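None of the figures in this text is laboratory data; all of them are computed from the coordinates on show. Keep in mind the model is a prediction, meaning the values are calculated, not measured. In this analysis, Cβ positions are derived from the backbone assuming ideal geometry, glycine residues included, and neighbour counts consider all displayed protein chains.
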């Protein structure tokens, strides 16, 4: 149990420290007299006033030097110099006072011994008090006991910050540097990473905090992989740059994210490509409130567009991104006019008027229905929004004289087995055909895989399931996906859009695909838990295979064919794929639109297959009957029942 001293107000603690120093300084002067005259009964008649004057001179100097502002638990070694300096000044003043009063019979040796003893007594009292409080804290189990991996500057700052809080208590350091191992940093022992299993087995800490913000992503992923087998909860602290810039606090601790496991370092963006279609231009982002659209807005704002038009069908999403961007404008001191536009991509005339009225020059078309099972259960709405809506947006852009139109596509458009992927591939075909027609508007498409943290991402779902005690639901044990962070994807989209000459499909390098079951296991282990399976029947979290969802593929691809070439950016490739002429597309789009209006699911699916040659829908069994029933007009549906 901690001392009642902890609960005292700060001012009371300072008064206690002043009182303790007064007694210690009196004792130091008395000790100096005892040592100098070799008697326990020194002549206090001669030295009495100097004995009282010594602390009265020293304490105001200590106050001025800030000795009493320091928190004893977090006191640094430089306190030695503060104490020594304060004592030295007080002794000089005392000597001056003795000289001015012409005091006779005084020994200069007394002042020398007093200087040494006062420095030792006051300084040692601080370190003894710090040691006592730190030991008392270590015995307190109400705070989470944590170890810190990384005994450098970031780790040291983190340990001090955590001690000041009430949630975490640092108890040990681990570091790869042999020079600091078996030593002490900030009052904590530094262990070798090889000792992690034994220290963890001794239950000396509950969590491990990774404090190596300057390490590359690849190095961080390597360390996390080594820690995975410990079944210890691992968390990370932010980068030093984020701390210095004020984006986060030094003690802002977060969970290990999938981007920390990717092991792929980002490539620095090309500033010319970033600003080419944005700086000084009027930019419109459709789907601005979505995961990709909102990140595009965040990346676009610091590039100084003259105006940023935010378009979204969701009132709440539009309001949220507008408020966030207004805050960014103030924080970054960026003067950009923000225009929130509530509306649907299906309203071509309204969109055209808005583009003309606001003078839009660049469009990033991110609005789409992306959730595969939902679109599979609502195929007509998915096709109308993703394909017909893209056509109407593109034709509105042409009529309004927009310079650049960039479509945000998906890897699911490659040999699609679901309506969502087929509708996005159809949207690509529309822009390719419009580009071949020629005109002022330059069209291009950017295709990439899953982005981390998006509304449909598996990572938040797994985290919720782990927090709830499981099970983790997985559609198939062999399912793999490409992953990229949302900021990285948005940045590459902006750069790719600047490269297009017209009609290109740009493909982002997503790195290596990740097996989702491996991802699930790593997330469980890094949460400090164990997988429950045949080998570990007493484990914490089970993984259940529930079967592929409607339209879901085991493996995603980024290219339909092999006709691909590199670009000036190492992570952006240019693909050349099958196209349809505008005449053929126009005729079939009329048929598709009519079938959608009539809710004729069979006809819609048939036309979609004709237009997207690579579309190979999966067999859905009973679900097919459900969709057909849902697709019928209300009168027919009622007649059946």
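Calculate, for residue 120 and residue 226, the FRET efficiency according to 1/(1 + (r/R0)^6) with r their C-beta to C-beta distance and R0 51 Å; round to the nearest 0.05.
Details: r = 46 Å, r/R0 = 0.89.
After rounding to 0.05, the efficiency reads 0.65.
Going by how many other beta carbons lie within 10 Å of each one, how would you line up 527, 198, fewest first?
By the 10 Å Cβ count, ascending, the order reads 198, 527.
Between residue 18 and residue 101, take the C-beta separation as r, use R0 = 22 Å, and let me know the FRET efficiency to the nearest 0.05. Before the final figure, lay out the partial values.
On the way: r = 26 Å, r/R0 = 1.19.
Taking R0 as 22 Å, the efficiency between residue 18 and residue 101 is 0.25.
Would you calculate the volume per residue, in Å³, of the smallest convex hull containing every Cα atom of region 304-350? Kindly include the intermediate steps, with their values, before the conclusion.
Details: hull volume 2.9 nm³, N = 47.
Normalising the Cα hull of region 304-350 by residue number yields 62 Å³.
Can you classify region 363-415 as rounded, prolate or oblate using the Cα gyration tensor, where a ≥ b ≥ c are the square roots of its eigenvalues, rounded means a/c under 1.5, and otherwise it's prolate if a/b beats b/c and oblate if not?
Working: a/c = 3.07, a/b = 1.89, b/c = 1.63.
Prolate, because a/c is 1.5 or more and a/b exceeds b/c.
So, how do all the Cα-to-Cα distances of region 271-611 break down into 20 Å bins, in percent, from 0 on up?
Result, from short to long distances: 30, 56, 13, 0 percent.
How do 179-186, 167-174, 406-413, 608-615 rank on mean C-beta neighbours within 10 Å, highest first?
On the way: 179-186: 13.6, 167-174: 21.8, 406-413: 26.5, 608-615: 18.2.
Output ranking for 179-186, 167-174, 406-413, 608-615: 406-413, 167-174, 608-615, 179-186.
I need the Debye-formula profile for region 199-239: one equal scatterer per C-alpha, no solvent, reported as log10 I(q)/I(0) at q = 0.20, 0.31, 0.35 1/Å, two decimals.
-0.63, -1.13, -1.25
I'd like to compare 351-360, 333-342: which one has the highest average count of other Cβ atoms within 10 Å, and what's the full order after that?
Values: 351-360: 18.7, 333-342: 14.2.
My ranking of the peptides, most packed first, is 351-360, 333-342.
Measuring from a point 7 Å past the Cα of residue 536 along Cα-to-C-beta, which residues in region 203-236 have an amide N at less than 13 Å?
228-233
Based on the mean of other beta carbon atoms within 10 Å per residue, what is the order of 291-302, 572-583, most packed first?
Values: 291-302: 22.3, 572-583: 16.7.
Sorting 291-302, 572-583 by mean packing, highest first, produces 291-302, 572-583.
What list do you get for 484, 98 if you sort them by fewest beta carbons within 10 Å?
Details: 484 23, 98 17.
Listed from fewest to most nearby Cβ atoms, that is 98, 484.
In nanometres, what is the gap between the two model label sites at residue 584 and residue 349, each 7 Å from Cα along Cα-to-Cβ?
With each label point 7 Å from Cα toward Cβ, the separation is 3.3 nm.
Please arrange 587, 207 by counting, for each residue, the other beta carbons lying within 10 Å of its beta carbon, fewest first.
Working: 587 11, 207 17.
With the sparsest Cβ surroundings first, the list reads 587, 207.
How many angstrom lie between the C-alpha centres of region 267-316 and region 492-525?
Taking the Cα centre of each part, region 267-316 and region 492-525 sit 19 Å apart.
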